[in-house]
1. B:Arg63 versus B:Ser7, label points 7 Å from Cα toward the beta carbon: distance in nm?
2. Name the residue farthest towards the positive end of the dipole of chain B from the options B:Gly108, B:Tyr49, B:Asn30, assuming +1 on Cβ of Lys and Arg, -1 on Cβ of Asp and Glu, about the Cα centre.
3. Would you work out the charge dipole size for chain B about its Cα centre, treating the Cβ of every Lys and Arg as +1 and the Cβ of every Asp and Glu as -1, and quote it to the nearest 20 debye?
4. Could you derive backbone 3J(HN,Hα) for region B:15-21 from the dihedral phi with the Karplus parameters 6.51, -1.76 and 1.60 (θ = phi - 60°), listing whole Hz in sequence and x where the residue is Gly or Pro?
5. Once amide H atoms are built 1.01 Å from N in the peptide plane, which residues 5 or more positions from A:Glu107, or in another chain, come under 5 Å H to H?
6. Projecting each Cα onto the charge dipole of region A:1-98 (Lys/Arg +1, Asp/Glu -1 at the beta carbon, about the Cα centre), which of A:Ser52, A:Phe90, A:Ala17 comes out farthest on the positive side?
7. Looking at the square roots a ≥ b ≥ c of the eigenvalues of the Cα gyration tensor of region A:30-112, which shape do they give, rounded for a/c under 1.5, prolate if a/b is larger than b/c, or oblate?
8. How about region A:1-77: which GluC sites (Glu not before Pro) there are in a DSSP loop, with at most 14 other Cβ atoms within 10 Å of their Cβ?
Amino acid sequence: AQSVTQLGSHVSVSEGALVLLRCNYSSSVPPYLFWYVQYPNQGLQLLLKYTSAATLVKGINGFEAEFKKSETSFHLTKPSAHMSDAAEYFCAVSPQGGKLIFGQGTELSVKP
Amino acid sequence: ETGVTQSPTHLIKTRGQQVTLRCSSQSGHNTVSWYQQALGQGPQFIFQYYREEENGRGNFPPRFSGLQFPNYSSELNVNALELDDSALYLCASSKATVLDTEAFFGQGTRLTVV
């Protein structure tokens with residue numbers, strides 16, 4: 001069975017600092033991996049997805065993630081945090097098209 | 001193109017009652033998936049509908065049921081509501097069931113069971 005684990009339920013950074021949100025996956029087959037963002041009282045918006053075309057994936061709003069098979073990781077990064085990045089972030093794996101298995105989420109806080 | 005819309009946005013029901021939540025899929029999408037997101041948790045997959053047939057189900061009891069209509073809109077029905085059913089219910093639509101397909105989410109329906 002496929003699963004994802006997000007390390008750290010809450011991450012706090014200063015505005016302008018590096019953002020690093022961690023995600024490790026478990027899968028017996030090449031995984032399809034996604035990062036979604038959820039703002040308060042809203043649905044989920046796709047940031048980026050990995051589908052085996054390239055290990056470094058660039059997404060919206062300056063975010064990117066690197067797929068590392070040896071570490072079974074798909075960490076999300078952004079070089080410089082902005083106040084508007086404060087939200088809940090979810091890593092997910094897709095065992096079936098349109099079906100997603102989500103991690104527990106990481107709440108990102110950005111301090112001025 | 002229109003996005004995924006869900007109704008109602010908020011709902012309060014009493015334990016033991018039944019509820020129906022509705023979802024209109026994005027234009028051009030034939031697949032709808034439903035998720036339950038409890039407070040402070042990640043969304044949990046309930047089931048998926050593809051061309052009006054159930055196409056996969058998560059670990060939810062039979063009192064959670066669904067429908068998909070010819071226009072690909074969908075309903076989630078929950079019978080015999082329990083307090084633990086209080087959650088944000090998210091609908092997501094996608095173009096197909098291929099693995100790399102992107103799922104587009106609605107704003108969700110916040111269900112409170114009292």
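Read-outs: derived from the displayed coordinates by stated rules, not from any lab. Owing to the predicted nature of the structure, the values given are computational and were not obtained by experimental measurement. Positions of Cβ are generated from backbone atoms using ideal geometry, with glycine treated the same way; all protein chains shown enter the neighbour counts.
1. 2.7
2. Of the candidates, B:Gly108 comes out farthest on the positive side.
3. Working: 8 positive and 10 negative charges, 56 e Å.
Around 260 debye, computed over chain B.
4. Couplings: 3, x, 6, 10, 9, 10, 10 Hz.
5. So A:Glu107 has HN proximity to A:His10, A:Val11, A:Tyr89.
6. The Cα lying farthest towards the positive end belongs to A:Ser52.
7. On the way: a/c = 2.07, a/b = 1.39, b/c = 1.49.
Cα axes put region A:30-112 in the oblate bin.
8. On the way: sites: A:Glu15, A:Glu64, A:Glu66, A:Glu71; in loops: A:Glu15.
Counting only loop positions with at most 14 other Cβ atoms within 10 Å, the GluC sites (Glu not before Pro) in region A:1-77 are A:Glu15.
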